[in-house]
Amino acid sequence: MAHSGAAWGIDVGECALKALCCRPHEEHAGELVIEAFDYIPYPTILPQSGADRDQLIGNALQEFLSRNEINGDPVAISVPSHSGLARFIQLPPNSKKKVSDIVQHEARQQIPDALEDVVWDFQLLTETTKDNKRAPAREIGLFAMKRSHVSRFLRPFQEAGIHVAIIQLSACSISNYVCFDRIGNPPPVGEEDENAPGSIVAISLGTNTTDVVITNGQKAWQDNLPIGGNHFTKALSKGLGLTSAKAEHLKRNAKKADDPTALAQAMQPAFRDLAAEIQGSLESFLDNHHDVQIEEVMVLGNTAKLPGLQQYLSRNLDQKVTVPGEFVNLTEDRTAVPQPFTKNRLSFSVAYGLCVQALGRGQFSTNLLPTIPNYRLAVNSFDRISSLLVSLLIMIGAAVVALVIVYFARRLTAGQVAIPVKPVDVASRPADAALGLKRDLEPPGIEDAPELDEPKLHDTLNSVANAVSQRVAILSDENLDADSQPAKGKGLGDERMAGIGGEGDLLYEPQRQIRFEPQSNQEYARWLDFFGIELGVLGRDNQIYYAYNLSQAKPDVRNGKPPQETRLYMNSAGTPLAILDNRLARKAGIARHGSIVLQFYPPEAQAILFGLEQQAAGDRKLDVIRRTVFRVSRKGKTFEFSVEEQDLR
């Protein structure tokens, strides 16, 4: 049973559910005490093909509730870092009253979706005053997640009857753990200490991704890499010819392997890829933070226990890499069972950081839980528009009913008017008079109708063209840079052209997407170079800054004007490929010019895509295709396109 004043941190990982309950230490203010914990592995990992994510998590939560009591203690849960967005922004010097307005403006610029469709929060990190006559400069952390993603992660907890108080990105939870357990007593948030300690690099190895967190207790930086423990499982399966299940078992019991040499050789490719990804992330950080000194690099997660991984990273990163043996400021109570916790200690860092935040001790206090009283009632843009249309129809119906009532009320209450009758002598009529024949009235002709001034077709097309031009202008001011799951990319084609004049109809351009799962940044760059695809950044000075030959150590760059660009382009913002595009843009030195990174396809590649699209469509016309999904496949040292999906209107 949890002690009064305790808090739960639940990390829903992709291999297992980790839960930790902590309370403040009675005698040592800088320490926490473990009240309870639980480690529940899933029968199959969540990313495995055919795995029912909601069912596996729901069963794990039911097992958790059968063995633990929450008793009204606050519950904090984590979500994968690649499911949300994290930005660290330096605000211009300004008064404290204007900080909220400036952050609101930055949120609209940095978050690619409408603010009404996301849950977002920010954290003040540092506040520096170099001159007493000037307002202080501030650095903030901005975090966001789509409301639909929040609802998806909350659903298993709602069905299990667990009230969630805090939702936090896993990378922020790792920062809270590092600051509380490894640094200890950092300055209050917002105050920058000139004698601050050096930064600690925490590398948290997950199943499919890896979080890289750098912090000194004041400033912070995060990155998410497309490599994890599952990468090592695939290397063993390929190198030793094992099934996925046997390779996973061998990885978890690597120290008991019959042939350690063969095991190490099979994992060498995975070791190299991991070191290269981490090295690239650290170089990107140090390029923008020249004054930072790295004092410690530590590896977290059960994958960190692989034989030789710690030594390999130390040699290739040119840093001393450590694997924490215990938590410094966390005390095990007598009620906790130490053996399972000690065995999986390296995987409890996120849950530990969640408890630190829930007890008010964390560097990050942001919360991505919707602030409405009942998050089941959260609405999105579709709900608002549909509600508006329904309200409008109700008002129109009420008005029609009122008019009908008024009409019949006037008919029923109108008084009867006596009409004088004059007798007529029938015999006095002329002999040739018609008997009761009515006068035939001709209906009005077309010449009697008012002239209708209808808009011409070319006027309509001009309006469509103007709308498209305005959309292009808007794109030059938007920031569409968002992270996504890098394990499986899906780029969205954003080239939409105005309709072509014909028999009064418009031709619609299909929506095009690219799906590609590169093994590394270098392979992704080789794919772009193979098809001659250039990356372009829309500059704030109304220029496009291009980068090509991206697989080289220093890519070539050039610039041009947007009106001169006629090639097919695609925008990967909001997809996992955006991470790789932004890294290559930073590598080429063009990322500083703007935030929108586009892929420009040469005529040859465009012809290949259009040919495959028409081949898949058969005899159908282009305007009946709603969406075409292209698959990029490796073929030896080359790459090729194919059509994976095609939807019709």
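Phi angles across segment 628-645 convert, under the Karplus curve 6.51 cos²θ - 1.76 cosθ + 1.60 with θ = phi - 60°, into 3J(HN,Hα) values of 10, 10, 9, 9, 9, 10, 7, 9, x, 9, 10, 9, 8, 9, 8, 8, 8, 9 Hz, Gly and Pro given as x. Remark on residue 332: its backbone amide H falls under 5 Å from those of 34, a criterion applied only to residues 5 or more positions apart or on other chains, H modelled at 1.01 Å from N.
Among 238/320; 251/305; 256/305; 554/635, which pairs are too far apart, with a Cα-Cα distance over 19 Å? Over 19 Å Cα-Cα: 238/320; 554/635. For the listed peptides 386-396, 346-356, 526-536, a ranking on the average number of other beta carbons within 10 Å per residue, highest first, reads 346-356, 526-536, 386-396. In terms of the Cα gyration tensor, with a ≥ b ≥ c the square roots of its eigenvalues, is segment 496-649 rounded because a/c is under 1.5, prolate because a/b exceeds b/c, or oblate? Oblate is the answer for segment 496-649, as a/c is 1.5 or above yet b/c matches or exceeds a/b. Rolling a 1.4 Å probe over the heavy atoms of the protein chains gives segment 58-122 an accessible area of 49 Å² per residue. Per atom type, segment 499-622 shows carbon and sulfur on 50% of its accessible surface, probed at 1.4 Å. Taking amide hydrogens as placed 1.01 Å from N in the peptide plane, the amide H of residue 321 sits under 5 Å from those of 314, each at least 5 positions away in sequence or on another chain. What the Cβ-Cβ distance of residue 48 and residue 404 gives, at R0 = 51 Å and to the nearest 0.05, is a FRET efficiency of 0.25.
In segment 1-102, one over the average inverse separation of all distinct C-alpha pairs is 16.7 Å, which is the Kirkwood hydrodynamic radius. Solvent-accessible area assigned to carbon and sulfur over segment 1-72 amounts to 47 percent, based on a 1.4 Å probe. Using the Karplus relation 6.51 cos²θ - 1.76 cosθ + 1.60 with θ = phi - 60°, the per-residue 3J(HN,Hα) values for segment 396-405 come to 5, x, 4, 5, 5, 4, 5, 5, 4, 4 Hz, with x marking Gly and Pro. Each peptide in 550-560, 208-218, 34-44 was scored by the mean count of other Cβ atoms within 10 Å over its residues; highest first, the order is 208-218, 34-44, 550-560. Label positions at residue 293 and residue 261, each projected 7 Å from the Cα along the C-beta direction, are separated by 4.4 nm.
Protection proxy ranking, highest mean first, for peptides 397-409, 171-183: 171-183, 397-409, where packing is the per-residue count of other beta-carbon atoms within 10 Å, averaged. For segment 42-146, the pair-distance distribution built from all alpha carbon pairs, in bins 5 Å wide starting at 0, is 2, 9, 15, 14, 12, 12, 11, 9, 7, 5, 3, 1, 0 percent. Couplings for segment 103-114, taken from phi via the Karplus curve 6.51 cos²θ - 1.76 cosθ + 1.60 with θ = phi - 60°, read 5, 4, 5, 5, 4, 5, 7, 8, 8, x, 9, 4 Hz in order; Gly and Pro are left as x.
The values are calculated or read from the model by the stated rules, or taken from the named source; none is laboratory data. It should be emphasised that the depicted structure is a prediction, and the values quoted were computed from it without experimental measurement. With ideal geometry, Cβ positions are generated from the backbone for all residues, glycine too; neighbour counts draw on all protein chains shown. For the accessible areas, the whole protein counts, side chains as well, though only heavy atoms, and no ligand, DNA or RNA atoms are used. Shrake-Rupley method; radii C 1.70, N 1.55, O 1.52, S 1.80 Å.
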